[in-house]
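Report on one structure; see the data block that follows.
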Amino acid sequence: MENIFTTQLDKLISWGQRNSLWPLPFGTACCAIEFMSFVSSHYDVARFGAEVVRFSPRQSDLMIVAGTITDKLAPALKKIYDQMCEPKWVISMGACASSGGFYRAYHVMQGIDEIIPVDVYVPGCPPAPESLFDALLKLQEMIKKGGREKVLRG
Amino acid sequence: MTSNVEQKVIVKKLKSMFPESILEVTDFRGDLQILVDREKILEICRYLKTDKELNFNMLLDVCGVDYLQMNSQARFAVVYHMYSLNKKHRVRLKAFLNDDTPVVESVCSIWKSANWFEREAYDLFGIQFKNHPNLKRILTHPNFHGHPLRKDYDSTKRHPQVERRK
């Protein structure tokens, strides 16, 4: 009886988490401009329950890294990620955040997964808001299935 | 664009003041470029700013150049772009730096805007500016080694500050 109750509770919590993601925009470049469309009325992320954008890591559970991350900025990114409370998720938005993009160079991190774990990568330079919605829906699907670890383990 | 008449005045005044130090005068599509002796850079700049007729009161940019493998007379050069807000004319000064550790006098005492420009040239090319008030790296982070815009710098060599995730 107890087990049934816990599984049902997990489902309820997961339902709440995936439908009320609070994004923290870590915007450093043009991807952040696309992110603004993603949030604003024309595309309207409120339709998926993730409209409460917070600029404090302590109040958000979804970090959207939108833009180039240089080695100089990396300590700040890591610190802000560490300040976020569990459970937390990361979307790597655009070519630069995912792989360094066209900055195959001395000053840019070749993908933020060098220092923080990423749940969903969004290709594009910059990705259109639709791509970011796709990523959000994929992330919601992942949370439903029990998070990144469970999805990767299959 | 600086007119021909103005260009001639600038060159004539400089040549009469510094006959030994003006090495070459070129005009590229109306932009005057003057190659000067690097030992005299400070005096020439001070003259360009203080002379009433020339009055170059604005330093637009200071750049470094690495001519490695380019069959140039020296490996490094510094390039200064000046503009006169009153006279509306401009000039470009260029000086070759011969040493392995290129050194040139700082012009911060003449134009304050030189401060960050020179720090940038120092950071990316390793050009030393003598008597600069604060010659520290400006673009790369403090744990960076080397000068990344030098042509012999491996362009993919990085200096990560955060430990890689396992």
### Query
Counting alpha carbon pairs within less than 8 Å and at least 6 residues apart, what relative contact order, in whole percent, applies to the stretch A:1-145?
25 percent
### Query
Separation between the A:Cys125 and A:Gln83 pseudo-spin-labels, each 7 Å from Cα along Cα→Cβ, expressed in nm?
3.2 nm
#### Entry: For the stretch B:4-130, the fraction of alpha-carbon pairs in successive 10 Å shells from zero, as %
13, 47, 33, 7, 0
### Nearest 10 degrees, 0 to 90: helix A:30-39 Cα axis against chain A principal axis
30 degrees
### Query
Taking springs between alpha-carbon atoms closer than 10 angstrom, which of A:Cys85, A:Cys96, A:Cys125 fluctuates most in the Gaussian network model of chain A?
A:Cys85
### Query
Given the protein assembly as shown reduced to its alpha-carbon atoms as identical point scatterers, what log10 I(q)/I(0) does the Debye formula return at q = 0.11 Å⁻¹?
-0.81
### Task
Give me the distance in nm between label points sitting 7 Å out from Cα along the Cα-to-Cβ direction at B:Ser3 and A:Lys144, one decimal.
7.5 nm
#### Entry: Local electrostatic count at B:Leu35 - Lys and Arg +1, Asp and Glu -1, tallied over other residues with Cβ under 11 Å
+1
### Value of Rg to Rh for chain A (Rh from inverse mean 1/r over Cα pairs, i.e. Kirkwood)
0.99
### Computed FRET value (nearest 0.05) for B:Met58 with B:Leu139, which takes r as the C-beta separation and R₀ as 25 Å
0.65
### Query
If you add up the charges near B:Lys87, with Lys and Arg at +1 and Asp and Glu at -1, over every other residue whose beta carbon is less than 13 angstrom from its beta carbon, what do you get?
+2
### Message
I'd like the distance between the alpha-carbon centres of the stretch B:79-113 and the stretch B:1-71, rounded to an integer number of Å.
### Response
8 Å
### Positive-end extreme of charge dipole, chain B - chosen from B:Thr156, B:Cys108, B:Pro133 (charges on Cβ)
B:Thr156
### Computed lengthening from B:Gln33 to B:His159, 0.36 nm per intervening residue step minus Cα-Cα distance
41.6 nm
### Task
May I ask you to order A:76-82, A:61-67 by the average number of other C-beta atoms within 10 Å around their residues, highest value first?
A:61-67, A:76-82
#### Entry: Distance between modelled label sites at B:Ser72 and B:Ser113, nm, 7 Å Cα→Cβ extension
2.3 nm
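Where a number appears in this text, it was derived from the coordinates with a stated rule and is not lab data. Source: prediction; values computed, not measured. Positions of Cβ are generated from backbone atoms using ideal geometry, with glycine treated the same way; all protein chains shown enter the neighbour counts.
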